[in-house]
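Any read-out appearing in this document is the output of simple, stated calculations on the displayed coordinates, not a laboratory observation. Computed from a predicted model, the values in this text were never measured in an experiment. Quick reminder, even Gly has a Cβ in these numbers, built from the backbone with ideal geometry, and neighbours come from all protein chains shown.
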Amino acid sequence: MSDYIFYLVLVLSVVLQNMLIHLFQRYQLFQPIYTLSPDSHQQKKWVPSFGGLGIITAIVIGVMAYGKPSPTIAWCMISTLVFALIGVADDFKSLTKKVNKGLSVTEKLVLQGVVSAALVLTLHLFITPLHSIWQGVFYVIIFVGATNATNLTDGLDGLLSTLTIISLLGMAIFLEQAHVLPFYWPLIKVTIAALLGFLVVNWSPAKIFMGDTGSLALGALMTSIAMTTNVMMVMWVGAIYIIEALSVIIQVTWYKKTSKRVFLMSPLHHHFELLGLTEVQIVSLFAAIQALVIGVVLCLQ
């Protein structure tokens with residue numbers, strides 16, 4: 001039956017994305033493109049966002065099709081949904097205000113911090129006790145950092161969805177080595193199915209974007225799985241997300257200090273765009289690096 005659920009979620013994801021595309025195009029609901037992004041991105045101003053709604057809906061239906069989830073999987077799903085709601089608020093504000101940025105940086109960080117603290121507290125109370133308050137603080141930082149990193153990575157057609165599939169497969173191999181994969185496999189499998197369905201309409205040239213709704217949720221999903229198994233796993237299965245986030249930090253810090261740029265543009269995928277690589281080439285390059293890092297770490301374990 002489980003194989004049928006995978007294909008069900010895959011088909012459902014494609015159907016939901018096409019419904020969203022039709023709905024947003026019919027009512028001319030488009031999120032403005034960031035004005036400082038490469039010129040080629042301005043051609044995407046008629047591409048709807050909110051594809052994350054379809055991804056999350058397909059994941060939830062797929063997980064529920066396996067039956068009542070365990071407390072741990074339920075916590076992972078709640079983490080995903082709560083961060084998806086932050087993304088919805090951000091995307092909705094962008095849509096209604098006709099601006100690229102919805103929530104301010106401060107608003108988003110405060111929301112993420114409060115939500116992360118609440119999630120870490122419930123993790124401690126109901127799933128697995130933490131050893132100290134400092135571990136809890138560390139987990140909050142990981143939640144906020146990882147979700148922002150996936151959010152920053154979502155800047156090219158098919159980039160984040162492709163990388164997330166690779167990250168989840170890397171997690172699956174690690175969890176198999178730890179003899180706990182059957183416990184997490186339904187969640188991982190339906191997420192991969194939902195992302196494959198999304199890629200049908202998100203691969204270059206994209207017909208829909210996932211928006212913050214999807215990018216924040218996917219970061220939370222991977223982070224929550226890592227926190228209930230091995231929190232450091234999120235560091236190496238998400239190597240590209242970390243590199244993308246660091247590129248922004250380095251660029252902003254160095255520019256404020258010297259008024260000069262380290263990269264042609266950040267996040268890093270825009271730097272490669274301005275060097276002349278196509279979106280497909282960048283996605284392929286980043287996917288290969290992500291897979292290589294995961295492969296090396298797994299071989300060294």
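Worth a mention:
- For segment 92-161: rounded, prolate or oblate by the Cα gyration tensor [a/c cutoff 1.5]: prolate
- Ranked packing of 259-267, 113-121, most packed first, by mean Cβ within 10 Å: 113-121, 259-267
- Among MET232, MET171, the ranking by other beta carbons within 10 Å of each residue's beta carbon, starting with the fewest, stands as MET232, MET171.
- Segments 219-228, 198-207, 183-192, 61-70 sorted - mean Cβ within 10 Å per residue, highest first: 219-228, 183-192, 198-207, 61-70
- Label point at THR122 placed 7 Å out along Cα→Cβ; residues across segment 61-77 whose backbone nitrogen lies under 12 Å: 71-77
- Set of aspartates and glutamates near LYS207 by C-alpha distance (under 19 Å), chain-local residues within fewer than 8 positions excluded: ASP39, ASP91, ASP154, ASP157, GLU279
- Taking the number of Cβ atoms within 10 Å of each Cβ as an exposure proxy, the fewest-first ranking of PHE50, PHE174, PHE83, PHE92 is PHE92, PHE174, PHE50, PHE83.
- Judged by the ratio a/c of the largest to the smallest principal axis of the C-alpha gyration tensor, segment 2-231 counts as oblate, that ratio being 1.5 or greater while a/b is no larger than b/c.
- Total formal charge among the other residues, if their Cβ is under 13 angstrom from that of PRO182, Lys/Arg +1 and Asp/Glu -1: 0
- Rough spin-label spacing in nm, given labels placed 7 Å along Cα→Cβ, for THR258 and LEU81: 4.8
- When the pairs LYS97/LYS189; LYS108/LYS257; LYS97/LYS256; LYS101/LYS257; LYS68/LYS189 are compared against a 27 Å limit on Cα-Cα distance, LYS97/LYS189; LYS97/LYS256 fall above it.
- Most to least packed among 272-282, 15-25, 237-247 [average Cβ atoms within 10 Å]: 237-247, 15-25, 272-282
- Per-residue ellipticity at 222 nm, computed for the chain from helices alone with -39500 (n - 2.57) per DSSP H run of at least four residues, works out to -24500 deg cm²/dmol.
- The Cα atoms of segment 75-208 give a gyration tensor whose axes a ≥ b ≥ c have a/c of 1.5 or more with a/b no greater than b/c, which makes the shape oblate.
- Cα centroids of segment 141-181 and segment 76-139: 17 Å apart.
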